[in-house]
Amino acid sequence: MPTENKKVTFDVSLVTFLKAIAIVVGLLFLYLIRDLLLMIVVAIVIASAIDSWIDWLQKKRVPRWLSVILIFALIIGAAVVIVSLLIPPIIEQAQQLASVLPEYVQTVVDKVSVARDVIGQEAFDNMFASLSSMGSNVSGESFSVFGTISGILGVVFSIVIVFVLSFYFTVQEDSLKKFVRSLIPMKHRPYVDSLVGRVQKQIGYWLRGQIMLGLVVGIMLYIGLSLLGVKYALILAILGGLLEIVPYLGPIISAVPAIFLAFTQRPILALFVLILYIVVQQLENHILVPKVMQRVVGLNPLITIIVILVGVKVAGILGGILAVPIATAIQVFLSDIFELKDEKDKVKLKDEICKAEASDLSGLSNKDRKLRESLREEVCEDGE
């Protein structure tokens with residue numbers, strides 16, 4: 001029996017088609033300006049972090065505009081002092097490390113001779129040649145001066161834009177709420193105001209907590225590495241403090257170069273460094289984090305790692321860093337949705353109990369009937 005080919009057709013209106021095109025174009029446009037969006041997100045994070053300090057100064061009868069100027073002056077001044085004190089030794093240690101990096105690799109390979117057999121002679125030679133080239137480029141004068149200057153100017157320009165945006169977000173009270181409110185229909189604006197306020201608080205708690213954790217962890221690592229006699233302790237400690245902003249993955253990544261460099265000095269020293277990082281991590285998890293981050297909405301560890309990897313894939317290292325506050329903001333919104341659903345379920349259950357007839361309880365035992373009746377009186381007493 002011959003089978004008939006049935007044609008399936010879909011009727012798509014012109015309006016629907018135009019909406020689909022608009023969505024695609026909008027997503028493409030957002031992708032093209034992703035760098036600008038990242039700067040805006042960074043500015044929002046900074047503004048959210050310092051907003052509580054500005055509110056505190058306002059309670060002390062300091063005008064908001066003056067509070068903003070004082071806070072930004074303090075931040076910029078502290079940054080200038082820190083950079084002027086740390087940059088020279090960091091550059092010196094970085095150049096020294098880059099120049100001796102191939103030698104350190106050779107030392108490790110000599111101590112662990114099986115590595116050459118495991119990765120293969122050709123792969124080993126390629127890796128060693130790459131490291132040697134990297135060391136000579138960093139320590140010598142073979143890198144492009146123009147490229148370096150261009151990169152520095154680009155970073156400085158981005159920092160200036162971020163500070164200008166964050167200044168705008170903070171100098172006008174509730175400016176972020178007003179901006180979001182202008183994009184939302186009138187009936188949803190009260191909820192959006194509440195949502196934006198709570199998200200700002202969570203992001204502010206997160207950034208201030210991360211800065212505190214980074215400082216404390218960096219100081220502990222510097223003291224520990226210095227006492228153990230590990231070379232380049234300052235760079236390793238700063239790296240450990242900075243990577244604290246990347247949950248779960250950051251401490252692991254920062255421990256790898258420290259253990260590697262310690263191994264090139266003495267293999268047993270690498271074990272002591274590993275123990276140091278484990279102890280610092282345990283102190284952080286069980287003492288620092290509960291105290292510093294107690295107000296921040298917690299994310300599931302697996303979800304955190306996934307959103308960090310997605311952020312890195314989409315927007316590089318900065319995207320990975322900003323993935324956590326963005327995910328935290330989304331979680332605040334989702335928790336509202338789940339709470340709303342629970343409230344609707346409770347209201348529905350209450351209506352069912354209150355509207356139940358006596359005949360609905362006829363098949364129950366006296367004990368169960370009395371329990372249901374008492375529950376009904378308790379639940380429905382407000383409405384009666």
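The values are calculated or read from the model by the stated rules, or taken from the named source; none is laboratory data. Source: prediction; values computed, not measured. Here Cβ is always computed from backbone atoms with ideal geometry, including for glycine, and neighbour counts include all displayed protein chains.
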Considering every residue within segment 247-259, establish whether at least one is of a type in the set (S, T, N, Q), farther than 20 Å from Pro290 by Cβ and surrounded by 18 or more Cβ atoms within 10 Å (Cβ to Cβ). yes
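Which is in a helix (DSSP H, G or I) and at pLDDT 75 or above, of Gly204, Gly147? Before you say what the answer is, go through the steps one by one.
Values: Gly147 fails: at pLDDT 75 or above.
Only one candidate qualifies: Gly204.
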For Leu183, only one of the following conditions fails: (1) within 24 Å of Val68 (Cα to Cα); (2) not in a helix (DSSP H, G or I). What is its number? (1)
Say we look at segment 285-324 and pick out the residues that are assigned to a helix (DSSP H, G or I) and either modelled with pLDDT of 85 or more or small (Gly, Ala, Ser) (or both); which of these is surrounded by the most Cβ atoms within 10 Å (Cβ to Cβ)? Ala323
I need every pair where a residue in segment 261-281 that is more than 15 Å from Leu236 (Cβ to Cβ) has its Cβ under 8 Å from the Cβ of a residue that is hydrophobic (A, V, I, L, M, F, W, C) and buried (at least 17 other Cβ atoms within 10 Å of the Cβ), sequence separation at least 6 or different chains. none
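Kindly evaluate Leu288 against the criterion of being closer than 30 Å to Ala327 by Cα and in contact (Cβ under 8 Å) with a residue 12 or more places away in the chain. Show your work before the answer.
Numbers: closer than 30 Å to Ala327 by Cα: yes; in contact (Cβ under 8 Å) with a residue 12 or more places away in the chain: yes.
When the stated conditions are applied, Leu288 passes them.
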Condition first: surrounded by fewer than 21 Cβ atoms within 10 Å (Cβ to Cβ) and within 21 Å of the chain's Cα centre (by Cα). Now tell me which residues in segment 46-59 satisfy that. Ser52
Please state which one of Ala258, Ala329 is modelled with pLDDT of 80 or more and hydrophobic (A, V, I, L, M, F, W, C). Ala258
Residue in segment 47-63 that is modelled with pLDDT of 80 or more, assigned to a helix (DSSP H, G or I) and either assigned by TED's automatic domain parsing to the domain that holds Val196 or among the acidic types (Asp, Glu) (or both) present: yes
Per the filter on segment 39-66, residues farther than 22 Å from Val160 by Cα and charged (D, E, K, R) are Asp55, Lys59, Lys60, Arg61
